[in-house]
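The values are calculated or read from the model by the stated rules, or taken from the named source; none is laboratory data. Since the model is a prediction, treat every value here as computed from it, not as a measurement. Here the Cβ positions follow ideal geometry from the backbone for every residue, glycine too, while neighbour counts run over all protein chains shown.
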Amino acid sequence: MDSSALMEQMHILAQDVLMWVGFGTLVGLVAKAIMPGRDPGGAVATLLMGIAGTVLGCALLSYFYEGARVSPISVLGFVAGTGGAFVLLVFYRILGGFWFKEGAVPPRHRVYRRPVRRRTYVVEE
């Protein structure tokens, strides 16, 4: 393999990586817009969740839709990536303690108790 072919392959690989990073960022932002609220992560977590969701969604779609290569830059790839990122965001919130707290006890019904009457003492002078 000569150096020009190797450079061409590296150029294509760099373009693909940048495409997935950019598209993953967009997909992560859309998934957070669909499910708003406070998250335990910031901008980097949104980026990584979007990239992982895009890879997951497009991989699952190409697995179940035999013979098709799903590109993230298409309507079908955008929908699959957003769905994958949304699923990852739900799991991220569950594992991050958004809905459940460790050691949380469910509330019990209150039992009515009469108020305690306190004795008052009057001091006579």
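General remarks:
- Of all residues making up segment 71-98, the number that are surrounded by 12 or more Cβ atoms within 10 Å (Cβ to Cβ), among the aliphatic types (A, V, I, L, M) and over 19 Å from residue 18 (Cβ atoms): 7
- Residue that is surrounded by the fewest Cβ atoms within 10 Å (Cβ to Cβ) [pool: residues in segment 50-70 that are assigned to a helix (DSSP H, G or I) and touching a Gly at 6+ places or on another chain (Cβ under 6 Å)]: 56
- When restricted to residues that are among the aliphatic types (A, V, I, L, M) and either part of a loop (DSSP other than H, G, I, E, B) or surrounded by fewer than 12 Cβ atoms within 10 Å (Cβ to Cβ) (or both), segment 35-49 contains 3.
- Being touching a Cys at 6+ places or on another chain (Cβ under 8 Å) and at pLDDT 80 or above holds for only one residue in 52, 85, 80, and it is 80.
- Residue 73 vs. criteria modelled with pLDDT of 75 or more and either in contact with an Asp or Glu (Cβ under 7 Å, 6 or more places away or on another chain) or in a loop (DSSP other than H, G, I, E, B) (or both): yes
- Residues located in segment 1-57, provided they are among the charged types (D, E, K, R) and over 19 Å from residue 91 (Cα atoms): 2, 8, 16
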